[in-house]
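Heads up, the thing below is written out as C-alpha cells.
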Amino acid sequence: MNLGFFLANAAARYPRNIAVIDERGQWTYAQLQRRCARLAGAMLAWGLRPGDRVALLFYNTMHMVESYLACAQVGLVATPVNFRMRGGEMAFILNDSGARALLYGSEFNHQVQEIAGQLEQLELLVTPRAERAGPARDYETFLSQGPRQDVAPGIDLSHPCQVMYTSGTTGRPKGAVITHGNVIWNLVNTMHGRDDRAGQVSIIVGPLYHTAALNNHLTIQLALGGTCVLVRKFDPEGLLRTIEAHRATVISGSPAMYNLLMAHPRAGDYDTTSITKCTSGADKLSMRTKQRLMEFFPSINGVYDVYGCTEASPCITILNATDSLRKDFSVGPALPFLQARVVDPAGEPLPPGQVGELVCRGPNVMAGYHNDPQATRRAVKDGWLYTGDLARTDDEGFFYIVDRKKDMVVSGGENIYPREVEEVLYNHPDIIDAAVLGLPDPTWGESVVAVVVKRPGSALDAAGVIDFCKQRLAGYKKPRRVEFTDELPRNPSGKVLKKDLRARLA
C-alpha cells in the first residue's frame with residue numbers, strides 16, 4: 001500500500017463527489033484520478049524513476065494537488081517549495097534535495113529564470129501556459145500526452161513520499177524525509193484526534209508546502225471522499241466569502257489567522273453557521289480566543305488544538321473540542337498510535353508537572369533528514385524524536401507546551417518561559433497578539449521584553465502592560481520593557497519569528 005491507494009479508493013467509492021475546488025473550477029474524484037494517472041505516466045515516460053525528487057512550486061491550486069498525488073502514486077518524491085522564498089533560498093532547496101524536475105505555477109517564471117544558472121541537477125521544467133521559446137514544457141500538453149499510470153504496487157510504506165523542508169526559523173532549512181508509512185500513520189492518528197468523518201467540506205487555507213496543510217487538511221478529505229476548497233492566498237474577507245459560498249464545514253488555521261478573520265470590519269456580514277469543526281495549530285491558543293471562535297462559528301462546540309512538527313509528519317497531540325474549554329492552553333494527550341513523554345536532559349521521563357523536553361516515537365516519525373546524518377542523529381535518538389519543545393503533563397496525561405528550548409530566558413539565575421508570560425498577555429482585553437523574548441542585560445544576564453499588538457483605539461501603554469503582568473506573575477517574570485507594533489513577523493505556518501524581533505529590538 002502507498003498513499004496513492006487513498007485516491008484510487010475514493011475515486012472508486014465516490015466517483016462523482018467533488019474532490020477539489022479552486023479559483024479555476026472544480027473536479028470530481030474520477031476526474032482527479034484520471035488527471036493524476038496521466039501526469040504520473042508523463043513523468044515516468046520522460047525518464048523520471050521512483051525515488052527521484054520532484055520539486056513543486058505552486059499556490060494552493062489544483063495543479064499542486066494533482067502534481068503531489070501523481071508523484072506519490074508512482075514513487076516519485078514530492079518536494080514542495082515555499083513560494084515566499086527568494087531566489088537564493090529556492091535554489092538551495094532545489095540543489096539540496098537533488099530535484100530532477102520542477103513543476104511550478106507560471107506566476108513564478110521570473111524566480112525560476114533568475115536562479116536557472118544556479119541549479120545543479122534540474123532537468124525537467126513544467127508550468128501552465130509555458131512560453132513557446134522557453135525551456136519549460138506546457139503543463140496541460142505534458143499531462144495530456146502521458147500514458148495512464150495507476151498506483152504502482154511496488155511502492156510500499158517504507159518508501160519516501162516527501163522531502164519537507166523545515167520552516168527555517170534559524171539557520172538553513174533541513175529536508176525531513178517523510179515516508180508513505182509516516183503520512184498514512186499520521187493520517188490515522190489525526191482522523192482519530194479530530195473526529196473526522198466522510199463528506200466534509202474543508203477550507204484549505206494553509207500553504208500546501210507545509211506538512212499540516214498537506215498531510216492533515218488535504219489528505220484527510222481525500223481519504224474520506226470529502227471536498228477540498230483551496231484558498232490560493234489568505235485574505236480575510238475573501239476567506240469569509242468562500243466559507244459562505246461553499247457552505248464549508250471544516251476550517252483549520254493558526255490563532256493569528258483567526259484573529260485577523262474575526263477582526264475584519266465586515267466579519268459579521270457573512271454566514272459562518274455551516275462550520276461545524278474548527279482546528280488550530282502552530283501557536284498558542286488562549287481560552288479567550290477559543291470563546292471568541294465559538295461565538296464566531298456558532299455551530300462548533302469547541303476548538304481542536306493540534307500540536308506537532310514537520311519531523312513527526314506532523315501530529316503528536318490533539319486537544320479535542322470536548323476538552324478544549326476545560327484544559328486551558330493544553331494541546332491534548334498523545335495520539336493513539338505513537339508514544340510521547342517529557343524527559344530530562346539525560347532522556348529520563350519526568351513526572352507530571354515538571355518541565356522537560358517533549359519527545360515522541362512511532363511510525364509517524366521521519367526517516368531522517370535528507371543527506372544530513374549528523375542532524376538526524378541529533379534529532380532522533382534510540383527511535384525518539386527530540387522536538388526541541390519544553391513541555392509538562394498533568395495528572396490526566398494532557399500535554400502543555402511551555403516553550404522552545406532555545407527561547408527560554410535566564411534572568412538573574414531564574415528560568416523564565418516566554419510562553420507563560422505570553423499566556424498572561426493574551427488575557428488582557430486590549431491585547432490581540434503578543435510575543436515575549438529575552439535580550440542581553442548587563443545586570444541580570446537577560447531581561448524579559450514583550451512585543452505587543454494592541455486593539456485599535458486602545459490607550460494601553462507600557463506601564464499598563466507591566467502592571468497587568470506584575471499582578472499575575474512572580475516579579476522576576478514580568479517584562480522590563482514593552483514595545484508596541486502593528487504586526488508580529490511570522491513564518492508561513494504562523495509561528496512568530498523571534499529571531500527577527502531580536503534583530504529589530506537589538
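Data for the structure
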quantity	calculated
Residues of the stretch 372-390 classified as assigned to a strand (DSSP E or B) and either at pLDDT 95 or above or not small (Gly, Ala, Ser) (or both), total	8
PHE92 vs. criteria farther than 20 Å from HIS370 by Cβ and either outside the structural domain of GLY494 (by TED's automatic domain parsing) or not hydroxyl-bearing (Ser, Thr, Tyr) (or both)	no
Filtered residues of the stretch 272-287 (kept if under 23 Å from the mean Cα position of the chain (by Cα) and either closer than 15 Å to SER330 by Cβ or among the hydroxyl-bearing types (Ser, Thr, Tyr) (or both))	THR276, THR279, SER280, GLY281, ASP283, LYS284, LEU285, SER286, MET287
Strands (runs of 3 or more DSSP E) (entirely within the stretch 148-224) containing at least 3 residues that are touching a residue at least 60 places away in the same chain (Cβ under 8 Å) and within 13 Å of VAL77 (Cα to Cα)	160-165, 175-179
Filter result for GLY397 (closer than 21 Å to LEU501 by Cα and modelled with pLDDT of 90 or more)	no
Which listed residue, of GLN145, GLN162, GLN121, is more than 30 Å from GLU89 (Cβ to Cβ) and not acidic (Asp, Glu)	GLN145
Selected residue (only one of ALA321, ALA346, ALA340 is of a type in the set (A, V, I, L, M) and without any contact (Cβ under 8 Å) to a residue 24 or more places away in the chain)	ALA346
Condition met for GLY475 (at pLDDT below 90 and in contact with a strand residue (DSSP E or B) (Cβ under 9 Å, 6 or more places away or on another chain))	no
Scan of the stretch 340-370 for residues that are farther than 26 Å from LEU157 by Cα and among the small types (Gly, Ala, Ser), ordered by number	ALA346, GLY347, GLY353, GLY356
Filtered residue count, the stretch 127-143, keeping only those that are within 14 Å of ALA42 (Cβ to Cβ) and of a type in the set (Lys, Arg)	1
So TYR369, is it touching a residue at least 24 places away in the same chain (Cβ under 8 Å), crowded, with 19+ Cβ neighbours inside 10 Å and hydroxyl-bearing (Ser, Thr, Tyr)	yes
Residue within the stretch 244-256 that is part of a helix (DSSP H, G or I), closer than 21 Å to LYS327 by Cα and within 22 Å of the chain's Cα centre (by Cα) present	yes
Yes/no for ASP394 being free of Cβ contacts under 8 Å to residues at least 60 places away in the same chain and of a type in the set (Asp, Glu)	no
Test: residue in the stretch 8-26 that is crowded, with 21+ Cβ neighbours inside 10 Å, touching an Asp or Glu at 6+ places or on another chain (Cβ under 9 Å), aliphatic (A, V, I, L, M) and outside the structural domain of ALA116 (by TED's automatic domain parsing)	yes
Sole residue being more than 13 Å from LEU222 (Cβ to Cβ) and among the charged types (D, E, K, R), chosen from ARG13, ARG38	ARG38
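Table: residues versus (1) touching a strand residue (DSSP E or B) at 6+ places or on another chain (Cβ under 9 Å); (2) at pLDDT below 95.
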| residue | (1), (2) |
| --- | --- |
| THR227 | yes, no |
| GLY238 | no, no |
| SER254 | yes, yes |
| ASP271 | no, no |
| ASP283 | yes, yes |
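The values are calculated or read from the model by the stated rules, or taken from the named source; none is laboratory data. Since we're looking at a predicted model, the values are computed, not measured. Neighbour counts are summed over all protein chains in view; Cβ atoms, including those assigned to glycine, are modelled from backbone coordinates with ideal geometry.
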